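> First the structure, which I've put down as structure tokens, then a few questions once you've had a look.
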Amino acid sequence: MREYQTPVKLSCEQCILCNELFILLGRLYNNMKKAILIIFLVFAIILIALFVLPGRGKYPPYPLLHTDLSKSNLYDYLSKDELIKDIDHYIGIIKTAHGDPFHSISEQAFNEKAEELKKRIRKEVGERIQLIDGYYYLQELAAAIQDEHTEISFNKEWQKSILNWFPLKVEIIDEKFYVIENHGKNDIPRYAEILSINGKPLQEMTAEIMKYQNNTLHHYKMQSVQENFDIWLQIYFRMESPWVIEYSYHNRVDTIEIPGMSYEEYKEKNQQDYQYSESSFIVDGETVPLLELPKFWYEDKKAYEKFIDDFFNSHKEKKNLVIDLRRNPGGDGRWGFFVLDYLTDSPYKTQERFAYKVSEPYKKIVRWMVHLFYYEKKIPRVLWWIPFYKFMEYYFKDEAVNILSGKMGTFVEAKNVLRDPGNKKTKFKGNVYLLTSHYTNSAAVVFAAIFKYHKMGTIIGQETGGREAFCSDRILVELPNSKLRAKIPVAIYVLPGNNPHRGVLPDINVEYSVEDYINKRDKELEKVKELILIEKSKENKILNDGAF
């Protein structure tokens, strides 16, 4: 027989509990819907932040600088102890981060120089030292290293303290100072030799300035003195307008007092155009194009590359071409490589060695460079902690990975020794003449060294200001008390060539006399024209010989 269970009857209390349970479950369900909606909205906001507004935020700040230079006053004071602590800090950074600090001076001699400077500081009258004097103490120590990229940065804001500028533009020829331009209201003739200023002989002034010159080669030291003579005169020697000038002209010595000129006048008279440009000159009916590159760094890289492309494409059929680097102090070597690519079909060596020294300051800079790369690629800032730099392609990838993982004090060797010029560019097959001067430095030296090593043409002019082996890729480090900025190169760069301790030597050396300036001669271009005429003469002789 089938059995049936008797239905359970719920009491009133149980019914009430069940009803409340259903109500609770309903509320929970509604709350869950709200929670899901909130989670969805948060997730949507994150997606928008990540992919709709990528790369937003402030430009990554340089990690080793913290002070606004515009607030610096060269006549501010710091204590002797503060300056000495900055010297000790500088020594530590040099030994830690500098690529090759003891190439020209031993570590012991460097330490002795630092101790000598500290003694002189302690002997100074009073307990405080003006910032500008602190700058010169530190620059004297930096100059002891004898490297053109190692120095204490001179704050350009300090130039505002100069009320009246020196109106004479000078050129140093055979260790003598000659007036090349006179922008003032005075009777000193052009090409007069300046013998003394305010009773101080120029040779004495030069000897005193030399201890602050960090450049290695003597001719580049003199070039630097010449370029910054007004700064030395007024800020270092504190000789302000008017000046008593003793000068010699046509074997007659005279003395005259001259006033200064306003900064506006000075700037207008001494304005220089550093834009790349094209010009030409004619030799025996042939138009010869000239490419002047006053530096290897411009704001608009695409415009520069288009200009170079257009220049070579328009002159590909020419027999002769001139590249002028006489006013080029350097920049970024890759801008020079872009030009060199037009001069060869084969891969060319860009270095014998390029090595970065691993240090904590440089690791901070490399992380910053990686962040700049992320910023430019619009990678969301919230994802910057992810090491994308290990997997993405960029020019500095291998070095960045190895530096950030490297052991302190070791060197990371750059791998790209050979550069492939590619076959997309129209190669120039004619004669190339490269013009250099004592002012040619840094990345321009790189260009000249590669050009010479690979026999891409003929170099005419003067030995370059920078050496074939030098320290490169400098970083800026702010000193803790004075807030001065130290420029410290972190890499060793050895260029192709046979003279690591010299600049790039020209194939044909050219030097100037005072008479050459008086006659406004361009001796480098004169030599180019002479060589072109010789080549034309040879060609004509071959043609004439073939006719018979």
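The values are calculated or read from the model by the stated rules, or taken from the named source; none is laboratory data. Remember, it's a predicted structure, so these values are computed and weren't measured experimentally. Note that each Cβ is placed from the backbone with ideal geometry, even for glycine, and that neighbours are counted across all protein chains shown.
> Could you tell me which of the residues 327, 367 is of a type in the set (D, E, K, R), under 21 Å from the mean Cα position of the chain (by Cα) and not in a helix (DSSP H, G or I)? Break it down into steps so the answer makes sense when it comes.
Values: 367 fails: not in a helix (DSSP H, G or I).
Selected residue: 327, the only one of 327, 367 that is of a type in the set (D, E, K, R), under 21 Å from the mean Cα position of the chain (by Cα) and not in a helix (DSSP H, G or I).
Listed here are the residues, each with its yes/no results for (1) outside any helix (DSSP H, G or I); (2) more than 25 Å from residue 159 (Cβ to Cβ); (3) assigned by TED's automatic domain parsing to the domain that holds residue 403; (4) among the β-branched types (Val, Ile, Thr).
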| site | (1), (2), (3), (4) |
| --- | --- |
| 73 | yes, no, no, no |
| 81 | no, yes, no, no |
| 85 | no, yes, no, no |
| 88 | no, yes, no, no |
| 102 | yes, yes, no, no |
| 108 | no, yes, no, no |
| 116 | no, yes, no, no |
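> Separate question: Scan the range 451-458 and tell me whether some residue there is buried (at least 23 other Cβ atoms within 10 Å of the Cβ), of a type in the set (Gly, Ala, Ser) and in contact (Cβ under 8 Å) with a residue 40 or more places away in the chain.
Keep residues of the range 451-458 that are buried (at least 23 other Cβ atoms within 10 Å of the Cβ), which gives 451-452.
Filter again for of a type in the set (Gly, Ala, Ser), leaving none.
Scanning the range 451-458 turns up no residue that is buried (at least 23 other Cβ atoms within 10 Å of the Cβ), of a type in the set (Gly, Ala, Ser) and in contact (Cβ under 8 Å) with a residue 40 or more places away in the chain.
> Among the residues that make up the range 475-483, is at least one of them among the charged types (D, E, K, R) and in contact with a strand residue (DSSP E or B) (Cβ under 7 Å, 6 or more places away or on another chain)? Talk me through it step by step, then tell me what you get.
To start, the set of residues in the range 475-483 that are among the charged types (D, E, K, R) comprises 478, 483.
Cutting the leftovers down to in contact with a strand residue (DSSP E or B) (Cβ under 7 Å, 6 or more places away or on another chain) gives us 478.
Taking every residue of the range 475-483 in turn, at least one turns out to be among the charged types (D, E, K, R) and in contact with a strand residue (DSSP E or B) (Cβ under 7 Å, 6 or more places away or on another chain).
> Restricting the search to the range 423-457, which residues are among the polar types (S, T, N, Q) and either closer than 29 Å to residue 227 by Cβ or in a loop (DSSP other than H, G, I, E, B) (or both)?
At the first step, the residues of the range 423-457 found to be among the polar types (S, T, N, Q) are 423, 426, 431, 436-437, 440-442.
Selection gives 423, 426, 436, 437, 440, 441, 442.
> Can we say residue 58 is among the basic types (Lys, Arg), at pLDDT below 95 and either at positive phi or not assigned by TED's automatic domain parsing to the domain that holds residue 372 (or both)? So that I can check it myself, show each step before the final result.
Working: among the basic types (Lys, Arg): yes; at pLDDT below 95: yes; either at positive phi or not assigned by TED's automatic domain parsing to the domain that holds residue 372 (or both): yes.
In short, yes.
> So which residues in the range 324-347 are charged (D, E, K, R) and over 17 Å from residue 440 (Cα atoms)? Spell out how you get there, then give the answer.
Of all residues in the range 324-347, those charged (D, E, K, R) come to 324, 326-327, 332, 334, 341, 345.
Scanning the range 324-347 gives 341, 345.
> When residues of the range 73-100 are filtered for being under 21 Å from residue 150 (Cβ atoms) and surrounded by 14 or more Cβ atoms within 10 Å (Cβ to Cβ), how many remain? Before you say what the answer is, go through the steps one by one.
Step one: of the range 73-100, the residues under 21 Å from residue 150 (Cβ atoms) are 83-100.
Going one step further and asking which of them are surrounded by 14 or more Cβ atoms within 10 Å (Cβ to Cβ), we end up with 83-87, 89-91, 93-100.
Count: 16.
> Looking only at residues that are within 11 Å of residue 340 (Cβ to Cβ) and surrounded by 24 or more Cβ atoms within 10 Å (Cβ to Cβ) in the range 429-448, which one is farthest from the chain's Cα centre (by Cα)?
Restricting attention to the range 429-448, the residues satisfying the condition of being within 11 Å of residue 340 (Cβ to Cβ) are 432, 434, 446-448.
Imposing the further condition that a residue be surrounded by 24 or more Cβ atoms within 10 Å (Cβ to Cβ) reduces the set to 434, 446-448.
Numbers: 434: 22, 446: 13, 447: 15, 448: 17 Å.
If we take residues in the range 429-448 being within 11 Å of residue 340 (Cβ to Cβ) and surrounded by 24 or more Cβ atoms within 10 Å (Cβ to Cβ), then 434 is farthest from the chain's Cα centre (by Cα).
> Further question: Regarding the range 393-402, can at least one residue be identified that is part of a helix (DSSP H, G or I), hydrophobic (A, V, I, L, M, F, W, C), within 18 Å of the chain's Cα centre (by Cα) and over 24 Å from residue 446 (Cα atoms)? Explain how you work it out, then say what you get.
Step one: of the range 393-402, the residues part of a helix (DSSP H, G or I) are 397-402.
Of the ones still in play, those that are also hydrophobic (A, V, I, L, M, F, W, C) are 400-401.
From the residues that got through so far, the ones that are within 18 Å of the chain's Cα centre (by Cα) too are none.
So far as the range 393-402 goes, no, none of its residues is part of a helix (DSSP H, G or I), hydrophobic (A, V, I, L, M, F, W, C), within 18 Å of the chain's Cα centre (by Cα) and over 24 Å from residue 446 (Cα atoms).
> Would you mind stating whether residue 228 is within 30 Å of residue 503 (Cα to Cα), in contact with a strand residue (DSSP E or B) (Cβ under 8 Å, 6 or more places away or on another chain), outside the structural domain of residue 76 (by TED's automatic domain parsing) and at pLDDT below 95? Spell out how you get there, then give the answer.
On the way: within 30 Å of residue 503 (Cα to Cα): yes; in contact with a strand residue (DSSP E or B) (Cβ under 8 Å, 6 or more places away or on another chain): no; outside the structural domain of residue 76 (by TED's automatic domain parsing): yes; at pLDDT below 95: yes.
Spelling it out, it is not the case that residue 228 is within 30 Å of residue 503 (Cα to Cα), in contact with a strand residue (DSSP E or B) (Cβ under 8 Å, 6 or more places away or on another chain), outside the structural domain of residue 76 (by TED's automatic domain parsing) and at pLDDT below 95.
> Give 279, 241, 248 a once-over and let me know the one that is within 27 Å of residue 133 (Cβ to Cβ), in contact (Cβ under 8 Å) with a residue 12 or more places away in the chain and in contact with a strand residue (DSSP E or B) (Cβ under 9 Å, 6 or more places away or on another chain).
Working: 279 fails: within 27 Å of residue 133 (Cβ to Cβ); 248 fails: within 27 Å of residue 133 (Cβ to Cβ).
When all the criteria are applied, what remains is 241.
> Would you be able to say whether some residue in the range 406-422 is in contact with a helix residue (DSSP H, G or I) (Cβ under 8 Å, 6 or more places away or on another chain), among the charged types (D, E, K, R), in a loop (DSSP other than H, G, I, E, B) and touching a residue at least 12 places away in the same chain (Cβ under 8 Å)?
Yes, the conditions are met somewhere in the range 406-422.
> Residue 521 versus (1) in contact with a Leu (Cβ under 9 Å, 6 or more places away or on another chain); (2) within 30 Å of residue 177 (Cβ to Cβ): which is the lone unmet condition?
Only one criterion is unmet by residue 521, namely (1).
Residues checked against (1) of a type in the set (S, T, N, Q); (2) part of a strand (DSSP E or B):
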site: 459; (1), (2): no, yes
site: 477; (1), (2): no, yes
site: 482; (1), (2): yes, no
site: 498; (1), (2): yes, no
site: 511; (1), (2): no, no
site: 526; (1), (2): no, no
site: 534; (1), (2): no, no
site: 540; (1), (2): yes, no
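> Which of the following residues is closer than 24 Å to residue 100 by Cα, of a type in the set (Lys, Arg) and crowded, with 18+ Cβ neighbours inside 10 Å: 349, 357, 415, 397? First the steps, then the outcome.
Values: 349 fails: crowded, with 18+ Cβ neighbours inside 10 Å; 415 fails: crowded, with 18+ Cβ neighbours inside 10 Å; 397 fails: crowded, with 18+ Cβ neighbours inside 10 Å.
That would be 357, the only listed residue that is closer than 24 Å to residue 100 by Cα, of a type in the set (Lys, Arg) and crowded, with 18+ Cβ neighbours inside 10 Å.
> When residue 422 is evaluated against the numbered criteria (1) modelled with pLDDT under 95; (2) in contact with a Pro (Cβ under 9 Å, 6 or more places away or on another chain); (3) of a type in the set (Gly, Ala, Ser), which criterion, by number, is the only one it fails?
(2)
> A follow-up question, please. Can you name the residue in the range 109-155 that is free of Cβ contacts under 8 Å to residues at least 12 places away in the same chain and of a type outside the set (Val, Ile, Thr) and, of all such residues, is nearest to residue 267 (Cα to Cα)?
Taking the range 109-155 first, the residues free of Cβ contacts under 8 Å to residues at least 12 places away in the same chain are 112, 115-116, 119, 123, 125-126, 133.
Filter once more, keeping what is of a type outside the set (Val, Ile, Thr): 112, 115-116, 119, 123, 126, 133.
Details: 112: 42, 115: 41, 116: 39, 119: 40, 123: 40, 126: 38, 133: 26 Å.
Step by step, filter the range 109-155, then rank; the result is 133.
> Sticking with this structure for a sec: Kindly indicate whether residue 196 is surrounded by fewer than 20 Cβ atoms within 10 Å (Cβ to Cβ), modelled with pLDDT under 95 and within 30 Å of residue 256 (Cα to Cα). Walk me through how you get there before you give the answer.
Working: surrounded by fewer than 20 Cβ atoms within 10 Å (Cβ to Cβ): yes; modelled with pLDDT under 95: no; within 30 Å of residue 256 (Cα to Cα): yes.
No, not satisfied.
> Can you find a residue in the range 351-371 that is closer than 17 Å to residue 456 by Cβ and in contact with a Pro (Cβ under 9 Å, 6 or more places away or on another chain)? First the steps, then the outcome.
From the range 351-371, those closer than 17 Å to residue 456 by Cβ are 351; that's our starting set.
Then keep just the ones that are in contact with a Pro (Cβ under 9 Å, 6 or more places away or on another chain); that gives 351.
Yes - at least one qualifying residue is present in the range 351-371.
> Could you say whether any residue in the range 102-109 is crowded, with 18+ Cβ neighbours inside 10 Å and modelled with pLDDT of 95 or more?
no
> Something else about it: When the residues of the range 145-170 are filtered to those that are acidic (Asp, Glu) and buried (at least 17 other Cβ atoms within 10 Å of the Cβ), which remaining residue is nearest to residue 114 (Cα to Cα)?
As a first pass, look at the range 145-170 and keep what is acidic (Asp, Glu): 147-148, 151, 157.
Filter again for buried (at least 17 other Cβ atoms within 10 Å of the Cβ), leaving 147-148, 151.
Working: 147: 17, 148: 19, 151: 15 Å.
Only one residue fits best here, namely 151.
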